[in-house]
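Reading through the structure tokens given below for one structure.
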Amino acid sequence: RYAFVNYGVNEVASDLQLFIHKLRLVNPKARLILTVSPVPLAATYEPDHVLVSTTYSKSVLRVAADMVSRASREIFYFPSFEIITGNYNRGRYFGPDLRSVTEEGVDHVMSVFMRHLTEGGEALSKPGAGTDDMTDTEKEMMALAEAACDEELLGKK
């Protein structure tokens, strides 16, 4: 009844474009921010090693996001994957398990996001900032930054 399928770039981009089309039927003014999670896969149904599958999957998602974001001014790609995984940070944004993103990494991504993609451009992680001073949108962004990865939640069940 169900089967694992590892889609390629064209299928992912096509599905994403179909979603955007349907979203615009509901809200024609919708603007989207796409990103790719930097969290590596924990397992794979492929006959390849998980490192090979992770590289493939993240590459497909990144290229599909690029194709779709280049096609529309209302769609922006935010480089959270690149910020966390870039070799210039020498792996310091990953925890000891080499999968979990550290608090420092999340703070950095959120700081860049808030600085470049919100009105006022003020980062949420400023010292001494309490949630009382935050807008609902800022509180939601903080909650998202603190949320555990779906894969980690699945592993705890």
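Just give me the residues in the stretch 82-104 being part of a loop (DSSP other than H, G, I, E, B), open to solvent by 20 Å² or more (accessible area, probe 1.4 Å) and either out of contact with any Gly (no Cβ under 7 Å at 6 or more places or on another chain) or on the phi > 0 side of the Ramachandran plot (or both), in sequence order.
Just the residues of the stretch 82-104 that are part of a loop (DSSP other than H, G, I, E, B), to begin with: 86, 90-93, 95-100, 102.
Okay, now just the ones that are also open to solvent by 20 Å² or more (accessible area, probe 1.4 Å), so 90-92, 96-100, 102.
Hits for the stretch 82-104 are Arg90, Gly91, Arg92, Pro96, Asp97, Leu98, Arg99, Ser100.
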Condition set over 12 Å from the mean Cα position of the chain (by Cα) and of a type in the set (Val, Ile, Thr), scope the stretch 23-45, selection surrounded by the most Cβ atoms within 10 Å (Cβ to Cβ): answer is Thr44
Looking at the stretch 56-81 only, could you name the residues that are surrounded by fewer than 15 Cβ atoms within 10 Å (Cβ to Cβ), part of a helix (DSSP H, G or I) and not hydroxyl-bearing (Ser, Thr, Tyr)?
Arg70
List, please: which pairs have Cβ atoms under 6 Å, are six or more places apart or on different chains, and start with a residue in the stretch 38-50 that is touching a residue at least 40 places away in the same chain (Cβ under 8 Å) and end with one that is part of a loop (DSSP other than H, G, I, E, B) and of a type in the set (A, V, I, L, M, F, W, C)?
Val39/Cys149; Tyr45/Phe4
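Quickly run through the stretch 25-52 and pick out the residues that are in a helix (DSSP H, G or I) and under 21 Å from Pro96 (Cα atoms). Before you say what the answer is, go through the steps one by one.
The initial filter retains those residues of the stretch 25-52 that are in a helix (DSSP H, G or I), namely 25-26, 50-52.
The answer is Val50, Leu51, Val52.
The values are calculated or read from the model by the stated rules, or taken from the named source; none is laboratory data. What you see is a predicted model; the values in this text were computed from it and never measured. When we count neighbours, we look across all protein chains shown, and the Cβ atoms used for this are built from the backbone with ideal geometry, even at glycine. SASA here: full protein model, heavy atoms, side chains in, ligands and nucleic acids out. Shrake-Rupley method; radii C 1.70, N 1.55, O 1.52, S 1.80 Å.
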